[in-house]
Amino acid sequence: MNPQQAEVGPINFAFRVDASLQRLHARLCFEGAPAAWLKPQANEAWRALKGAWALRGGQREPLTRSGGAIALVGLKAGDCVELEQDLRALASAARGRPDTFAAEGVLALSPDYWLWATSPQSASMRATFEMPEGLGVAVPWPVEGAGAYRIPPSALRWRSHAAFGRFDEATIEVAGGRLRVVILADAWAIGRPRLRAWVQQAAEAAALLDGRFPVDDLLVLITPVGGDEVGFGTVARGGGPSVLLEVGVDIDERELEGDWVAPHELIHLNLPRIDGADPWLYEGFATYYEPVLRARMGDLSPRRAWERLHDGFLRGAGSGTGRALRDESAAMMETYAFWRVYWAGAALMLMADVSLRQAGGDPGSLDAQLGRVRACCQDPDRGWTAEALLEAVAAPDAPDLRAAAGRWLDARRFPDLGATYEALGLRFDAGGRLLTRPGDPGAALRIAIMGRDVDEAP
Ligand SMILES: [Zn+2]
């Protein structure tokens, strides 16, 4: 057995895209020990493979598929492999994913389809792109120089977003973070500068939790969809953080101002990637902090923010499949019990926030407890289970989020917010309107959470 096979040396990917965005040519060169196999991340990508060759000793020899991979036999350090992929066929294989978008001169297509994996995997991967004049590339990977990137290992583990072609891009700096905002069309009546301002405002809300934007670099892709509202939004962590936002081309000022999707997605970045079985934590977190941080920013009145939370809790309590929250979370993608999981998670956030603020001491608030994530748990290549993350930021002697989760994760009924509402002095009428008046009992807690009391001028 060749001991070198155990550890694959650095791999350099050189990508080339043609002007019509039909073909993606990839050359992979093995600086050290070559990999034994090469395979696409998505099985559908085989259909789009137009050819594969080994380059050794000045010869170009075709490589063939055997089973689920291409075997790389007899390659040495310094040898290369070339792959020719049909981009349109890949886009058609990826159709249905919200981050797939094709229009004249532009193609959004996840690296999950065109970045091939090696086996064993290399610890070090780098990439360069050679693009035709006027065409750009947008990937979430860390930049190492002009057109050069490091490909983090998470690129082969987790979902990610990317785009090629002629697109509008600008860098926005928000509280220590750089957002590369790539707008993949010129389709909106409201105009692209307004879309950038919208992203900036959402980023400022996300940065309010901790006074800093949660990641150093973020790729934001904006794609057009029909309609007059913000459609789907999603965060991906593969190869670095990226956010996709679908925006209706007929969206107007009012709708954009009231949007919760962009702040929700960007707020997610304050937590590291959490296992897909635990959406109660990461969705509950973004669902709770979206109205809270927008209220602190002055984008939403505290009255509206409390009513929005109350409305969500009622909807969450009235939906779901009757499972305990832990099981409801794990099954959410099959049952679509989104409201239940998102809002039960948000209820645990509010409950823990109020308990921590009432207890005083350390951490003293949910902001402070989750702010510990910054110090302990922001390695962009590490994923967490909810349990491990709560353990890492636990405040063992305080009524913290882990304590709230411990009480309610295995309960079938919606978390009981009675004592929490009482502490906050929250009262609502049957129509969901907040009856609490400025200065009513609980004002200090309400101000601590939302920045000011109901109906106080900002
Ligand atoms: Zn979310």
Subject >> G425 out of contact with any strand residue (DSSP E or B) (no Cβ under 7 Å at 6 or more places or on another chain) and surrounded by 14 or more Cβ atoms within 10 Å (Cβ to Cβ) >> reply: yes
Subject >> Answer from E133, E144, E204 - the residue that is of a type in the set (D, E, K, R) and assigned to a strand (DSSP E or B) >> reply: E144
Original post:
Pairs under 7 Å by beta carbon, first residue free of Cβ contacts under 8 Å to residues at least 24 places away in the same chain in the range 387-415, partner in a loop (DSSP other than H, G, I, E, B) and of a type outside the set (V, I, T), six or more apart or different chains?
Top reply: A392/C377; A394/D400; R402/A394
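Within the range 239-261, track down each residue that is within 11 Å of the ligand (Cβ to nearest atom) and of a type outside the set (V, I, T). Lay out the reasoning, then the answer.
Of all residues in the range 239-261, those within 11 Å of the ligand (Cβ to nearest atom) come to 243, 260-261.
Scanning the range 239-261 gives a single hit, W260.
Within the range 356-378, how many residues are hydrophobic (A, V, I, L, M, F, W, C) and either surrounded by fewer than 20 Cβ atoms within 10 Å (Cβ to Cβ) or under 17 Å from the mean Cα position of the chain (by Cα) (or both)?
Qualifying residue count for the region: 6.
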Original post:
So, in the range 284-332, of the ones that are within 24 Å of G211 (Cβ to Cβ) and among the β-branched types (V, I, T), which residue ends up nearest to the ligand (Cβ to nearest atom)?
Top reply: T287
Original post:
Of these, D400, D381, D353, which one is assigned by TED's automatic domain parsing to the domain that holds G284, within 21 Å of L269 (Cβ to Cβ) and buried (at least 19 other Cβ atoms within 10 Å of the Cβ)?
Top reply: D353
Original post:
Which number in (1) farther than 30 Å from G364 by Cβ; (2) within 11 Å of the ligand (Cβ to nearest atom); (3) crowded, with 23+ Cβ neighbours inside 10 Å marks the one condition that I267 misses?
Top reply: (1)
Original post:
Can you tell me which of E84, E44, E104 is among the charged types (D, E, K, R) and not assigned by TED's automatic domain parsing to the domain that holds T128?
Top reply: E104
Original post:
Looking only at the range 211-226, which residues are surrounded by fewer than 17 Cβ atoms within 10 Å (Cβ to Cβ) and over 24 Å from P111 (Cβ atoms)?
Top reply: G211, G226
Subject >> Residues satisfying the stated conditions in the range 234-260, i.e. open to solvent by less than 10 Å² (accessible area, probe 1.4 Å) and either of a type in the set (V, I, T) or part of a strand (DSSP E or B) (or both) >> reply: A236, S242, V243, L244, L245, V247, G248, I251
Original post:
If you scan the range 271-283, which residues turn out to be more than 12 Å from the ligand (Cβ to nearest atom), open to solvent by 10 Å² or more (accessible area, probe 1.4 Å) and at pLDDT 95 or above?
Top reply: R273, D278
Subject >> Conditions (1) within 16 Å of the ligand (Cβ to nearest atom); (2) over 17 Å from the mean Cα position of the chain (by Cα); (3) of a type in the set (G, A, S): number failed by G211 >> reply: (1)
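The values are calculated or read from the model by the stated rules, or taken from the named source; none is laboratory data. Here the structure is a predicted model, which means the values were calculated and not measured. Counting neighbours? That spans all protein chains shown, and the Cβs are built from the backbone with ideal geometry, glycine included. Each accessible area value is taken on the protein alone, full model and side chains, heavy atoms only, with ligands, DNA and RNA left out. Shrake-Rupley method; radii C 1.70, N 1.55, O 1.52, S 1.80 Å.
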